[in-house]
């Protein structure tokens, strides 16, 4: 028989995440969160402007306060609706990736976003001789839509990948999961009992040594540099507007190093939210799978979750693209 896991902690976690989703998308919570994040960004930006003037006048004590507000700005920036959270969350739901690895990707993508801002400002200023308006316009008019398109492509990849796996599972003979393949094993002179079939979906057959599917541990061990670069690049291609303003102001004031440090601290503030999203997405996925029978049922559930996550990312990306053009 298939084994069903019932974990009270998993049920509680899944219930809390479901409640949060209902509040965000069903009870106007997203609009409330967006207003709160916008107010926080405005207040921290005003505070940063005052601290920059103090630094320019020689008040070195203002440096740590400025970096603190840079972190706060990144936090508020990430707390509002954004593409980085959608991508990290969708990927965490759709792929059985270990939490530590996904959190590392979230951190790397946030820091890469800061690096893009630095490259855009100093490349635009020193190489292309662009004005502040041109730099910001480039980020908003070109890089933002490009980022959303790349995110949509990742979502489409998750969607198609899940559909392909589900189709493969449905197309394979039902007997492969129930022991009807015994005649082929008989050619190996194996003596099967009824319990033999129940292990095929998870590991190698104890009698014949054949593997009838990857184990969860093997799936979790899959590493792809390509996936990591795509995820990081899709987020990083669109730099934070607040980081652009900070870098431009500090360049004009002749305190470039402070601006660059502040941009990366903003990235850490952004990462504080994206890492949290990574934790929630992995927890939601594992809590859902924990309520489903192991074996073929779990494999089907993983495919369906991947399809749903990919579709969500595609829909959100399409909405972002339409609002940006």
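The values are calculated or read from the model by the stated rules, or taken from the named source; none is laboratory data. Small disclaimer: the values here were computed from a predicted structure and weren't measured. Note: ideal-geometry Cβ built from the backbone for every residue, glycine included; neighbour counts use all protein chains shown.
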(request) Confirm whether residue 284 is modelled with pLDDT of 80 or more, assigned to a helix (DSSP H, G or I) and surrounded by fewer than 17 Cβ atoms within 10 Å (Cβ to Cβ). (result) no
(message) Of the conditions (1) over 22 Å from residue 311 (Cα atoms); (2) surrounded by fewer than 21 Cβ atoms within 10 Å (Cβ to Cβ); (3) in contact (Cβ under 8 Å) with a residue 12 or more places away in the chain, residue 76 satisfies every one except a single condition; which number is it?
(response) (2)
(request) Read through the list (1) farther than 26 Å from residue 145 by Cβ; (2) at pLDDT below 85, then give the number of the only condition that residue 260 fails. (result) (2)
(request) Just give me the residues in the range 46-66 being surrounded by fewer than 20 Cβ atoms within 10 Å (Cβ to Cβ) and touching a residue at least 40 places away in the same chain (Cβ under 8 Å), in sequence order. (result) 49, 55, 56, 63
(message) One residue is enough: does the range 7-18 have a residue meeting the conditions within 21 Å of residue 283 (Cα to Cα), assigned to a loop (DSSP other than H, G, I, E, B) and at pLDDT below 65?
(response) yes
(message) Yes or no: the range 96-109 includes at least one residue that is part of a helix (DSSP H, G or I) and over 26 Å from the mean Cα position of the chain (by Cα).
(response) no
(request) Specify the residue that is farthest from residue 123 (Cα to Cα); the eligible residues are those in the range 260-281 that are under 13 Å from the mean Cα position of the chain (by Cα) and surrounded by 22 or more Cβ atoms within 10 Å (Cβ to Cβ). (result) 281
(request) Report the residue count in the range 61-95 for those that are assigned to a loop (DSSP other than H, G, I, E, B) and closer than 18 Å to residue 268 by Cα. (result) 3
